[in-house]
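Contents: one structure, followed by commentary.
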Amino acid sequence: MADEDLKLDHLFADARRDRLTLADDLVVRIQTDAEAIRLERLAPTARPKRGAWTRLFETIGGWQGFGGLVAASAAGVWIGFAAPTFLPDPANLLTAQDTSYLVADLGFDTSFLENTE
């Protein structure tokens with residue numbers, strides 16, 4: 001084991017001594033390309049002007065948010081027009097003069113509320 005470590009140490013020492021160098025013209029080309037790319041990234045890019053509808057659409061959350069908003073709106077309209085029978089009619093609520101509603105108006109069985117004495 002020690003013999004293998006000694007061989008490995010000699011190989012590392014040889015590698016440190018024999019440093020390879022790049023050709024001068026290759027180094028210049030690499031640095032020129034790197035500088036060109038750096039300057040290209042620093043240059044401001046022209047951002048396209050976004051319209052009001054595009055900004056609103058992105059604010060809502062894109063297609064997913066817009067789809068959820070449409071589904072919730074459709075459900076609200078459906079519940080508003082075809083309300084369940086145990087709920088009072090919204091049109092009557094807006095136009096009614098008498099605003100006193102009892103629990104019995106909801107259509108539930110209210111016999112347990114009656115006084116049996």
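Quick rundown of the values:
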| item | result |
| --- | --- |
| Extension gain from ASP9 to THR85, taking 0.36 nm per residue of separation minus the Cα-Cα distance | 18.3 nm |
| Net lengthening on full extension, LEU56/LEU22 (0.36 nm per residue, minus Cα-Cα) | 6.7 nm |
| Over region 2-42: Rg over Rh, Cα atoms, Kirkwood Rh | 1.40 |
| Label-to-label distance, nm, for residues given as ARG47 and ARG29 (7 Å Cα→Cβ offset) | 3.8 |
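Any read-out appearing in this document is the output of simple, stated calculations on the displayed coordinates, not a laboratory observation. All values reported here derive from a predicted model rather than from experimental measurement. A quick note on method: Cβ atoms are made from the backbone with ideal geometry, for glycine too, and the neighbour counts reach across all protein chains shown.
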